[in-house]
């Protein structure tokens, strides 16, 4: 059996000294196989940590069955099964399986000595995150000091050391060590010591096996042209979608820095076309694509079609969706980690009220900190004032922050004890001046 791992994807062969066992069903129990590992050139492998047996290297695995195999049902599929189990160890730790993929691109050129990165999307980035700026000939690491949501800016703690053009990749610099193997292909070659006249054979065309019956008077065509002239992705479901809105979540792997550093000539964004089978033909399906053509994690949203029908693809009769790569190019082929159904975005947040940040002594350039960070959008900041603002000031404040922007606390005699005035958030101080409402 020839095992080829996916190219340019890291693995962690020393993560817990993983051990696996290969087993075949012999009609009564799962029998462990005696294995021999060789490289792709057929030479024996002595370093078992880097071996196709453990899926930590490409190569060949040889074994001999002690008796003819028999069929067994596994997950509802009856066939001749070979299974491979991890019995000890793992492929690393610090997994990022549950973390989002933080990846974006510069929408404006970044200049040396500056600290500001204007990007296409700041979603998923947080203060103090380590980021990696990846260009064709150079890269730079840094940490996020501030995020300006309105202008989609990441403010770094460090100066930018060179000019980065529009389209440069900015990604989360993760230190997770979890790196399981990714199998690109498995090919089985075998020797069977029994001779017989050929009476039937199976052809494989358009991803479908067809059993051909051979007689003296009839023949068959072993090869058939593919019915798909462009690349397609097929997704099969065991039941039709209901008519309300449907959301499928696609979690895309973060590309490597080597993949992102490859220069592309006149790149054009890929265009994808989604389709479903209506019982007669493939019909285009209107979708809302949050993934930007599988360039980022996100939801694919659509309304379940009322005329969705079953059809047979790859030997399975299911309700099939398919997406066609119509035009354009992927800068990096989108590697997926998983696809989930019935999903919705959610945030885990905590609401804090009446938190005192501090008291000013009147000097400039004072800094106050919240107990928790980051602070999500929707915060309210109030400043204690010695007296009630004038009528003109009240009108200006309430115009910005609403009728509840001023809170007056009175004592038992009705005298004003303290006044809290809500401050207004602004993106910059260029229009600040005397008489303007409180702002930050």
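What follows draws every value from the coordinates through simple rules; no lab data is involved. Remember, predicted model here, so these are calculated numbers, not experimental data. So basically every Cβ, Gly included, is an ideal-geometry build from the backbone, and we count neighbours across all protein chains shown.
Please report, in whole Å, how far the alpha carbons of the range 232-341 spread along each principal axis, starting with the longest.
If we take the Cα atoms of the range 232-341, the spans are 44, 26, 23 Å.
Over the range 379-440, what is the relative contact order in percent, taking alpha-carbon pairs closer than 8 angstrom and at least six residues apart?
Relative contact order comes out at 37 percent.
Could the peptides 46-58, 336-348 be put in order, highest first, of the mean number of other beta-carbon atoms found within 10 Å of their residues?
With the highest mean Cβ count within 10 Å placed first, the list reads 46-58, 336-348.
Counting other beta carbons within 10 Å of each Cβ, put 183, 252, 409 in order, fewest first.
Lowest to highest Cβ neighbour count: 409, 183, 252.
Over the range 232-341, what is the relative contact order in whole percent, taking alpha-carbon pairs under 8 Å and six or more residues apart?
Once divided by the residue count of the range 232-341, the mean separation gives 45 percent.
Taking every pair of alpha-carbon atoms in the range 2-93, what share in percent sits in each 10 Å bin, from 0 to the bin with the longest distance?
15, 40, 34, 11, 0
With a Förster radius of 56 Å, plug the Cβ-Cβ distance of residue 192 and residue 350 into 1/(1 + (r/R0)^6) and report the FRET value to the nearest 0.05.
The pair residue 192/residue 350 has a calculated efficiency of 0.30.
For the chain, set up a Gaussian network in which alpha carbons nearer than 10 Å are linked by springs, and say which option among 298, 76, 402 fluctuates the most.
76
Taking only the alpha-carbon positions of the range 332-440 and ignoring solvent, what does the Debye formula give for the base-10 log of I(q)/I(0) at q = 0.23 Å⁻¹?
Values returned for q = 0.23 Å⁻¹ are -1.53.
Only counting other Cβ atoms within 10 Å, I'd like 296, 129 sorted with the fewest neighbours first.
Listing 296, 129 from fewest to most nearby Cβ atoms yields 129, 296.
Computed FRET efficiency, Cβ-Cβ of residue 290 and residue 413, R0 60 Å: what is it to the nearest 0.05?
0.55
Treating the Cα atoms of the range 103-172 as identical point scatterers in vacuum, please give the log10 of the normalised Debye intensity I(q)/I(0) at q = 0.14, 0.28 Å⁻¹, two decimals.
The calculated log intensity ratios at q = 0.14, 0.28 Å⁻¹ are -0.32, -1.54.
So what's the back-of-envelope 222 nm ellipticity for the chain, counting only DSSP H runs of four-plus at -39500 (n - 2.57) apiece and dividing by all residues, rounded to 500?
Calculated at 222 nm, the ellipticity per residue is -1000 deg cm²/dmol.
Enter the angle in degrees (range 0 to 90, nearest 10) between the Cα long axis of helix 391-401 and the first principal axis of the Cα atoms of the chain, meaning the one along which they spread out most.
It works out to around 0 degrees.
If each Cα of the chain is one equal point scatterer, what is log10 of I(q)/I(0) from the Debye formula at q = 0.07, 0.11 Å⁻¹?
Reported log10 I(q)/I(0), two decimals: -0.59, -1.16.
For residue 343 and residue 88 in one chain, what is 0.36 nm times their gap in residues minus the Cα-Cα distance, to one decimal in nm?
Stretched fully, the residue 343-residue 88 segment lengthens by 88.4 nm.
FRET efficiency for residue 399 and residue 269, Cβ-Cβ distance as r, R0 = 30 Å, nearest 0.05?
According to the calculation, E is roughly 0.10.
Evaluate the relative contact order of the chain (contact order divided by residue number), counting alpha-carbon pairs under 8 angstrom at least 6 apart; express in whole percent.
12 percent
Counting other C-beta atoms within 10 Å, which of 369, 105, 151 has the fewest, and how do the rest follow?
By the 10 Å Cβ count, ascending: 369, 151, 105.
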